[in-house]
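Every read-out reported here was derived from the displayed coordinates using simple, explicitly stated rules and does not represent laboratory data. Every value quoted in this text rests on a predicted model; they were computed, and no experiment measured them. Neighbour counts are summed over all protein chains in view; Cβ atoms, including those assigned to glycine, are modelled from backbone coordinates with ideal geometry.
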Amino acid sequence: MAAGEQFYPDVRLFIENRWEDAAAFSTFPIVNPATGQVIGHAAKASEADLEAAVASALSGFAAWKDRSPYDRSAIMRRAAGLLRERTARIARLLTLEQGKPLAEAMAEVSVAADTIEWFAEEGRRTYGRIVPSRAPGTHQLVTKEPIGPVAVFTPWNFPLNQAARKIAAAIAAGCSVVAKPAEETPACVAELVQAFADAGLPGGVLNMVLGVPSEISGYLIPHPSIRKISFTGSTAVGKKLAALAGEHMKRATMELGGHAPVLVFEDADVRSAASAMAQAKFRNAGQICIAPTRFIVHRNISEQFTDVFTEVAKTLRLGDGLETGTEMGPVANERRLEAVEGLVADAIECGAVLRAGGNRRGNQGYFFEPTVLSDVPTSARAMNEEPFGPIALIRSFQTTDEAIAEANRLAYGLAAFAFTRSNDTVMDVSSRVQAGMISINGNLLALPEVPFGGIKDSGYGSEGGSEAMEAYMNTKLVKVSRS
C-alpha cells in the first residue's frame with residue numbers, strides 16, 4: 001500500500017445479521033484507482049449464497065413489516081448517528097476504493113447520514129386517506145403497505161450515498177433488502193450495513209451480497225420472493241434489467257445515465273456561471289450522472305465563458321485523494337480511463353478545440369486531466385454518449401430555440417442547468433427543456449427531501465422526496481359496509 005493508506009479490510013457477505021465468507025470461498029480483488037494496486041479482496045457470492053440472502057430477507061420482512069413506523073424511525077436515526085461517529089474511517093475506505101478526494105468522501109458520509117434521517121422521519125408519514133362513500137353506512141379506506149423484499153443495485157461513483165438512498169427508503173417503508181453494491185466499492189457499503197446492524201436493525205432486514213453483477217441480477221430479479229428492484233447505473237444495463245423485471249411483473253425504480261445540458265444565456269453572470277459549473281463538472285472526476293456536460297453558451301459570451309471555465313480547470317490540483325490539497329482524484333478504473341481517452345481523441349478529430357487537459361497523467365493509477373473542449377460538433381461521440389469523466393464540452397448558440405433544441409436532442413433526460421437573469425427565459429426553459437430535474441442559476445439538485453430521477457432513457461421513478469417512499473409501498477383499498 002502507498003504511504004498514508006490505512007488497512008483495507010477484506011469484505012464478506014452479510015446474511016441473517018452475520019458476516020460470512022462465500023459458500024465456495026471465492027473472492028475477487030479490490031483495486032485502488034490512485035495506484036492501480038490490489039488493496040484487498042471481497043467475497044464472491046454463489047447461487048447458494050444468493051438463495052440464503054433471499055430467505056433471510058423474506059424472514060426479516062415478515063417481522064419488520066409489522067414494526068411500527070416509530071420503532072423503525074428510532075433504529076434508522078441511531079444508524080445515521082453511528083455513520084457520523086465513524087466518518088473518518090468510512091471516508092478513508094471510500095477514497096481508497098473509489099479515488100475521490102477525502103473531503104468529498106467525508107461529505108458523502110454526511111449526506112448519507114442526512115438521507116437516512118430524512119427517510120426515518122418520512123416513514124412516520126406514510127398516511128392513507130378516507131374517500132367519501134356514495135352510500136350511507138359505507139367507509140372507504142385507502143392504506144399503504146410495504147411491498148416486500150427488495151433487491152437494490154448500487155453504483156461505484158457515489159457508493160455510500162446511493163446505497164443509503166435505496167436502503168433507507170426501503171426499510172422506512174417496512175421492506176427488507178438484499179443489497180448488491182458495485183464490485184469496485186464494497187467496503188464503504190459494508191460500513192453502512194454494519195451501522196444499521198449496530199443500531200439494532202433486526203436480522204434479515206438488511207442483507208448484502210457481492211460478485212458478478214449479471215449473475216446476481218439474473219438470480220435476484222426473477223426470484224419470486226423479491227417484489228421490487230432499484231437500480232442505478234448505465235442506460236444500457238438498466239434497459240436489460242427493466243425488461244427482466246417486466247417479464248416477472250416486478251416494480252422497478254431506474255436511475256440511469258445522463259448527459260446534462262447547461263444553457264448559458266447572454267444576460268447571465270458569466271464569471272459566476274463558468275466558475276460554479278467548472279467546479280461542478282470536475283467534482284468526483286466528472287463521474288456523476290447529473291454532471292453538467294454539454295455547455296451551450298450564447299455566442300456573444302461564449303469566449304469569455306470558455307476562458308473563465310478553462311482557467312478554473314487548469315488550476316485544479318489532480319492527485320491521490322488521500323493527499324492534502326487534492327481537488328480531483330483519478331477516474332474509478334482502467335475502463336473509464338480508456339473510455340475518456342477515446343472520447344477526447346475522437347472529439348479533436350471531429351474538429352473540437354482542446355483548451356485544457358486532454359491527457360492521462362502519469363503511468364500509475366487512473367489519472368486523467370480536467371479537460372475542456374470548445375467548438376465541439378454534434379457529430380463527436382462525446383456529444384452523444386455519456387462521457388462519465390472529466391470532460392467539458394462547449395459550443396455556442398444564437399437563439400433560445402436553438403439552445404433548447406440542442407438541450408433536448410439526446411434521448412437522455414436526467415438533469416439540465418441554465419443561467420439567466422430573465423424571468424421569461426426561466427419560464428421558457430422550465431417548460432420546454434425535457435429533464436426530470438432542472439436547476440436554474442445554481443447546481444444543487446440531490447437533496448433527500450426533493451425528487452431525484454429522470455425521464456426518457458434516463459429512467460423512471462424517484463430516489464428522493466416523498467415520491468421515493470411510494471415506490472416501496474402497495475396501495476390498498478378497504479371498503480367496509482354496515483352489515
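Relative to the present Cα-Cα distance, how much length would full extension add between ASP346 and ARG134 at 0.36 nm per residue of separation?
69.7 nm
With both bridge residues required to lie in the chain, what share of the DSSP beta bridges run antiparallel, to the nearest 5%? Please report the intermediate quantities before stating the final value.
Values: 28 of 67 bridges.
Looking only at bridges with both residues in the chain, the antiparallel portion is about 40 percent.
What is the dipole size for the chain, taken about its Cα centre, with +1 at each Lys and Arg Cβ and -1 at each Asp and Glu Cβ, in debye to the nearest 20?
Using only the charged Cβ atoms, the result is roughly 1600 debye.
Using only Cα atoms and rounding to the nearest 10 degrees, what angle (0 to 90) does helix 69-85 make with the longest principal axis of the chain?
40
Can you flag which of LYS456/LYS476; LYS65/LYS476; LYS44/LYS100 are past 22 Å Cα-Cα?
Values: LYS456/LYS476 29 Å; LYS65/LYS476 15 Å; LYS44/LYS100 25 Å.
Beyond 22 Å between Cα atoms: LYS456/LYS476; LYS44/LYS100.
Which whole-number percent gives the relative contact order of the chain, counting Cα pairs below 8 Å spaced six or more residues apart? Don't skip to the end; give the middle numbers.
Values: 1134 pairs, mean separation 85.7, N = 483.
Relative contact order here is 18 percent.
Along the charge dipole of segment 316-357, pointing to its positive end and built from +1/-1 on Cβ of Lys, Arg, Asp and Glu, which listed residue (LEU316, LEU343, VAL331) has its Cα farthest out?
LEU316
Toward the positive end of the charge dipole of segment 342-448, about the Cα centre and with charges on Cβ (Lys, Arg +1; Asp, Glu -1), which of GLY362, ALA382, MET427 goes farthest?
Positive-most Cα among the choices belongs to GLY362.
State the antiparallel share, in %, of DSSP beta bridges confined to segment 260-448, rounding to the nearest 5.
15
Among ALA291, ALA446, LEU393, whose Cα lies farthest out toward the positive end of the dipole of segment 260-448, if unit charges sit on the beta carbon of Lys, Arg (+1) and Asp, Glu (-1)?
Highest projection toward the positive end goes to ALA446.
Go through segment 242-326 and name the GluC sites (Glu not before Pro) that are in a DSSP coil and have 11 or fewer other Cβ atoms within 10 Å of their Cβ.
Listed in order of number, the matching sites amount to none.
Suppose every K and R has +1 on its Cβ and every D and E has -1 on its Cβ; what is the size of the dipole of segment 360-473 about the Cα centre, in Debye to the nearest 20?
Dipole of segment 360-473, to the nearest 20 debye: 400 debye.
Any chance you could check the Cα centroid distance between segment 84-128 and segment 386-404 for me, in angstrom?
The two parts, judged by their Cα centres, are 32 Å apart.
Given a Förster distance of 25 angstrom, what is the FRET efficiency for ALA88 paired with VAL212, based on the Cβ-Cβ distance and rounded to 0.05?
0.20
Would you work out the charge dipole size for segment 260-448 about its Cα centre, treating the Cβ of every Lys and Arg as +1 and the Cβ of every Asp and Glu as -1, and quote it to the nearest 20 debye?
In total the dipole reaches around 260 debye.
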